[in-house]
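Q: After the structure tokens below, expect a handful of questions from me.
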Amino acid sequence: MSQEHTKSKVAVIGGGAWGIALGTAAQNTGSDVLVYSRRPGHVDAHGLRVTSSIADATAHARLLVLAVPSEHVRGIAREIGGLIDGRHAIVHGVRGLVGDGSESDELVPISAVLREETPTRRIGALGGPVLTHELAAGAPSIIVVASRYPDVIHVVRDAFGAPSLRIYATDDLTGLEWASALTGILAVAVGFARGVGLGAGLVSAFVTRAVHEAARIGHAAGAEERTFFGLSGFGDLLAAIAEESRPEVRLGESVARGGSVDDAIAGAGQRIEAIELAPRVAAFAKKHHVSAPIFTTIAHGIFARRPAAELVQDLMLGPITGPA
Amino acid sequence: MKAPIFQFNEQREELVQSVVDRVVAEARDPMLLLNDAAYHEIRRLESSHDRDELGRWRRIARSIGGLDASGAVELLRETVSYHARDVAGNFDRRVYTLASRVAPAGLSVLLSPHVVLERSILEVLQGEGLADRIWTSGPIERIRRLAEIGTLVYVPTHLSNLDSPVFAYALLSSRLPPVTYGAGKNLFTNPVLSFFMRNLGAYRVDRRLKHELYKQVLKTYSCMLIERGFHSLFFPGGTRSRSGGVERKLKLGLAGTGLEAFVRTRLPKRPVGAGAVSRQVFFVPATINYMLTLEAETLIDDHLKEAGKARYIIEDDESTRIGRITSLARKLMQMEGSCAVRFSDPVDCFGNVVDDEGRSYDRRGRRVDASTFVESIADGEVVMDAARDVQYTRELGDVVIDAYLRDTIAMPTHVVATAAFARLRAHARSSDDLFALVRRRDEVVVPYRELIAEIQSTQARLLELEKAEKIVLAPAVRGATAEELLRDAERALNGYHTSPVLRSRDSGVALLDPKVLLYYQNRLAAHGLAWAGGTSR
């Protein structure tokens, strides 16, 4: 007996390259996709329908996929919040953490902002070693969806799952969000390490220790450490290392070669969240008594333009903590 | 006052039958459930003296293997019926009327059963006025209104076995309809308490039974009561707070049936359970606060026993000792505001605040329809989804926890214990851990002025917190001087607990029982006011 599969409906909020890639992936599986962009004229839509009305987007689908830079999340979420209710799910693909706006401005994941600014509880995030251009081109890829609500994972699988897109799931939403954000910072460091000409052995050691450190920091934020050692952490970072064109990696390389951070940002042509995030993560680690020499070095070394040899020495001579 | 519980007895038989029907209909693997029940029961009964019951379960265990599918369903039905009948409560309007007419005194009967044996019930009921001592506060008008348009699920903090009668009387004196609740079977051993609980809507929860089938029966019974509009009471802490601290983690297990009931009465095709009404379900967090806790010493002892490992069901504590109950009752009678129940703002099943008409609002104050939370993302139909609801319930738990903190009422005993314990720590060795601290019985004498200064500073911090709406001060704390607070606390603590806790001497105030001080200071630990080293298990 054949049963007609009802088309999933998806609204993508954000018409940047990442939003379009996600929209394309969903459309390729047969989902009915509508993309919201504030400037539809500037969107390279790849055949997707684009609207400039956020209300049209939220009316189009109960599954909303948010793909905007982290600094815009709160504003957009508040706008969406007035248009949706408890039946909607919001899944974001934002690699970043933001301040909670309190006096201490504690770092919180994007899901916390969505929880605060919208009525829905069914919130999730996308991450893992998926690359924008590969996803857009329909190349075989793997993506991770995280949500504490199994029905959110289910609709994401329905809307995006295809032979060319394999979807892994976790209920450790906090873990995936922190891993995605911290990986961005580590990608800069990897670019930097390469730029100053560190050997492959040392870069590998550095990456391994850095992921452990990220896991400790994430744990302090309520994440499960093991999430960092899987696709959302290690996997994502390996993709960053392999990907020459990743903006964070290029930024790191450029700084290592003596370029200024500002020039490097201008060269990347987009905002790189890692720059602002690194010192805040280092401060978070300090506040929560987590040993984080690598993140601290990145925050106060690379971006502060200390000589590379000094930074390497700092890390090489620091106390050895934890098992190998 | 209208409330479905007044018609409980007429529905009882049919309710029990519906519970049985649903549990049997929804059992995926009857054989597995029966085996699990038999395994757990035989294991439990082997160490008890109930040979008949053990024999019964052994026979069941032997017969399971030879059953075919229909035979298994039949045996399942029998077993479920047996448990459902054991759980089901009763509501006797005459008992309720009696209790409400003499409301101000009724509690003292519950508190001091021996008095009943000596004098006639009425004489006692008319004579004393303990319920006057229960100070109730919070958005009572709104809750009263919501009780008319929806079903209320009260989820208060849990400190003492007196909580359910105290809460029942707080409802009564606030002119809120009575509730049904599950009470530990061990409480039914006290004949008078049992008489009242049984006839005022309590159902029996046997905490010794660990098998899945029994849990299903309990959950279904509770869920069906809420579906039928019975206002319910659960203690989501699961057990009395051992440390004396406000609960920071909740097991919303049975209270979660509030959400299940909400979903079930909205399903497009309604399953078993004809008497259900599609109403809103509102959760009302509340705190029950005592100047003195009946079982303080036993509870803190249990708390201090190796963290988490040795937790057991306390069968024998102060609440089974009549002398202790009367002595507490006498103490509470002497003190103004010695017991306070504070209701928090009611929320829907998803933790959204609700207004007087039961409409829900999100954190930004925008109206939101509660039903939409249980609609499927895919097609917008209301669906049952246990995994989804576990998560909703967990988030509701976070909202309840926040409400507990905000609506904790700080009593003189808490404030003075906080200050005294802070001084104890200051006078102790810095290497002293929790256990070393509580062993310092009658070792530290704090100069009077020093203790007074500490009480003043605690009181000042409390006032600040209250201004930020993060705690509530009992009137006896807000307006009192530090000297008065110390006197009140000393008067309360000494003479009720088995040995004196604080004693003023010429050289200062002697801290005689650090353990009891720890217990009372723990109430303010989660607020950051008191030492937090003695609350985690």
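Each value in this text was obtained by applying a stated rule to the coordinates, not by laboratory testing. Just so it is clear, the model here is predicted, and its values are computed rather than measured. When we count neighbours, we look across all protein chains shown, and the Cβ atoms used for this are built from the backbone with ideal geometry, even at glycine.
Q: Quick one: Kirkwood hydrodynamic radius for the protein assembly as shown, alpha-carbon pairs, angstrom, one decimal?
A: On the way: mean 1/r = 0.0329 Å⁻¹.
After inverting the pairwise mean of 1/r, the radius is 30.4 Å.
Q: List the lysines whose alpha-carbon lies under 30 Å from that of residue B:305, not counting same-chain residues fewer than 8 positions away?
A: B:185, B:210, B:215, B:249, B:251, B:331, B:515
Q: Further question on the same structure: What is the distance, in nm, between label points placed 7 Å from the Cα along the Cα-to-Cβ direction at residue A:305 and at residue B:42?
A: Going from the residue A:305 label point to the residue B:42 one covers 7.9 nm.
Q: As I understand it, the value is the acute angle between the Cα axis of helix A:17-28 and the longest principal axis of the Cα atoms of chain A; what does it come to in degrees, rounded to 10?
A: 40
Q: Work out Dmax and Rg for region B:4-87 from the C-alpha atoms and quote the Rg first, both in angstrom.
A: That works out to 14.7, 45 Å for Rg and Dmax.
Q: May I pose another question? Counting only other chains, and only Cβ atoms inside 10 Å, what mean value do you get across the residues of B:367-379?
A: Numbers: counts 2, 7, 4, 2, 3, 8, 7, 2, 5, 5, 17, 11, 3.
Per residue, the average neighbour count from other chains is 6.
Q: Give the residue list of trypsin sites (Lys or Arg not before Pro) in region B:352-430 that are DSSP loop and have at most 11 other beta-carbon atoms within 10 angstrom. Numbers along the way, then the final one.
A: Details: sites: B:359, B:363, B:364, B:366, B:367, B:388, B:394, B:406, B:423, B:425, B:429; in loops: B:359, B:363, B:364, B:366, B:429.
Here the trypsin sites (Lys or Arg not before Pro) that fit, given the DSSP loop and packing criteria, are B:429.
Q: Show the residues, 5+ positions off or on another chain, whose built amide H is closer than 5 Å to the amide H of residue B:182.
A: Residues meeting the criterion, in which the H sits 1.01 Å from N, are B:203, B:233.
Q: Still on this structure: For the protein assembly as shown, with the dipole built from +1 on Lys and Arg beta-carbon atoms and -1 on Asp and Glu ones, taken about the Cα centre, which of A:147, B:178, A:181 lies farthest toward the positive end?
A: Going by the Cα projections, it comes out as B:178.
Q: Can you tell me, using C-alpha contacts under 8 Å and at least 6 residues apart, the relative contact order of chain A as a whole percent? Write down the numbers at each step before the final one.
A: Numbers: 613 pairs, mean separation 43.5, N = 324.
Relative contact order comes out at 13 percent.
Q: I've got another one for you. Can you give the net charge of the other residues whose Cβ lies under 10 Å from the Cβ of residue A:293, counting K and R as +1 and D and E as -1?
A: -1
Q: Between residue B:439 and residue B:468, what FRET efficiency comes out of the Förster formula 1/(1 + (r/R0)^6) with R0 = 45 Å and r the beta carbon distance, rounded to 0.05?
A: 0.80
Q: Still on this structure, please answer the following. For the peptides A:205-211, A:167-173, A:256-262, B:63-69, what is the packing order when you average, over each peptide's residues, the other Cβ atoms within 10 Å and list the highest mean first?
A: Top to bottom by mean Cβ count within 10 Å: A:167-173, A:205-211, A:256-262, B:63-69.
Q: Please compute the contact order of region B:4-87 in relative form: average sequence separation of alpha-carbon pairs under 8 Å and at least six residues apart, divided by the residue count, as a percent.
A: 42
Q: For a quick check of your reading of the filter: which GluC sites (Glu not before Pro) in region A:1-105 sit in a DSSP loop and have no more than 12 other Cβ atoms within 10 Å?
A: Details: sites: A:4, A:71, A:79, A:103; in loops: A:4, A:103.
Within region A:1-105, the qualifying GluC sites (Glu not before Pro) (loop, at most 12 other Cβ atoms within 10 Å) are A:4, A:103.
Q: I would also like to ask the following. Any chance you could check the Cα centroid distance between region A:246-324 and region B:230-260 for me, in angstrom?
A: Cα centroid of region A:246-324 versus Cα centroid of region B:230-260: 46 Å apart.
Q: Under 13 Å between alpha carbons, and skipping anything fewer than 8 positions from residue A:286 in its own chain: which aspartates and glutamates qualify?
A: A:106, A:213
Q: Based solely on its DSSP helices, what 222 nm [θ] is calculated for the protein assembly as shown when runs of n ≥ 4 H residues each add -39,500 (n - 2.57) and the sum is averaged over all residues, nearest 500 deg cm²/dmol? All intermediate terms of the calculation are to be shown ahead of the outcome.
A: Numbers: 36 runs with 417 residues, N = 861.
Calculated mean residue ellipticity at 222 nm is -15000 deg cm²/dmol.
Q: Still on this model: Tally Lys and Arg at +1 and Asp and Glu at -1 over the other residues with C-beta under 12 Å from the C-beta of residue B:469: what net charge comes out? List each step's numbers first, then the result.
A: Values: positive: B:406, B:467, B:470; negative: B:345, B:402, B:407, B:464, B:466.
The answer is -2.
Q: Looking at the protein assembly as shown, what % of its DSSP beta bridges pair antiparallel, to the nearest 5?
A: If we restrict to bridges inside the protein assembly as shown, about 40 percent are antiparallel.
Q: Another question, then. From other protein chains only, count the Cβ atoms within 10 Å of every residue's Cβ in A:86-96, then give the mean.
A: That average works out to 3.
Q: Sticking with this one: Taking residue A:7 as the anchor, which aspartates and glutamates have their alpha carbon closer than 14 Å to its alpha carbon, excluding any fewer than eight residues away along the same chain?
A: Once the sequence-local aspartates and glutamates are set aside, what remains near residue A:7 is A:32, A:158, B:379.
Q: Something else about it: Separation of region B:395-436 and region A:40-67 by C-alpha centroid, Å?
A: So the two Cα centres are separated by 52 Å.
Q: Could you pull the Rg and Dmax for region A:9-171, using just the Cα atoms, both in Å?
A: Calculated on Cα positions, Rg and Dmax stand at 14.6, 47 Å.
Q: Using a cut-off of 14 Å between beta-carbons, work out the net charge of the residues near residue A:226 (Lys and Arg +1, Asp and Glu -1, residue A:226 not included). Don't jump to the answer; show the numbers that get you there.
A: Details: positive: A:216; negative: A:171, A:172, A:224, A:225.
Within the 14 Å Cβ shell, the charges total -3.
Q: For region B:409-524, list log₁₀ I(q)/I(0) at each q in 0.12, 0.14, 0.17, 0.19 Å⁻¹, using the Debye formula over Cα point scatterers of equal strength and ignoring solvent, two decimals each.
A: Computed log10 I(q)/I(0) values: -0.38, -0.52, -0.77, -0.95.
Q: What FRET efficiency, computed as 1/(1 + (r/R0)^6) with R0 = 41 Å and r the Cβ-Cβ distance, is obtained for residue B:7 and residue B:239, rounded to the nearest 0.05?
A: The formula returns an efficiency of 0.80 here.
Q: Within region A:166-195, whose backbone N sits under 12 Å from a point 7 Å along Cα→Cβ of residue B:390?
A: Within reach of a label on residue B:390: A:171.
Q: Moving on. Give me the one-decimal nm value for the distance between modelled label points at residue B:499 and residue B:82, 7 Å along each residue's Cα-to-Cβ direction.
A: My value for the distance between the label points is 4.8 nm.
Q: For chain A, compute the orientation-averaged projected area of the C-alpha convex hull (one quarter of its surface), in nm².
A: Convex hull of Cα atoms, orientation-averaged projection: 17.2 nm².
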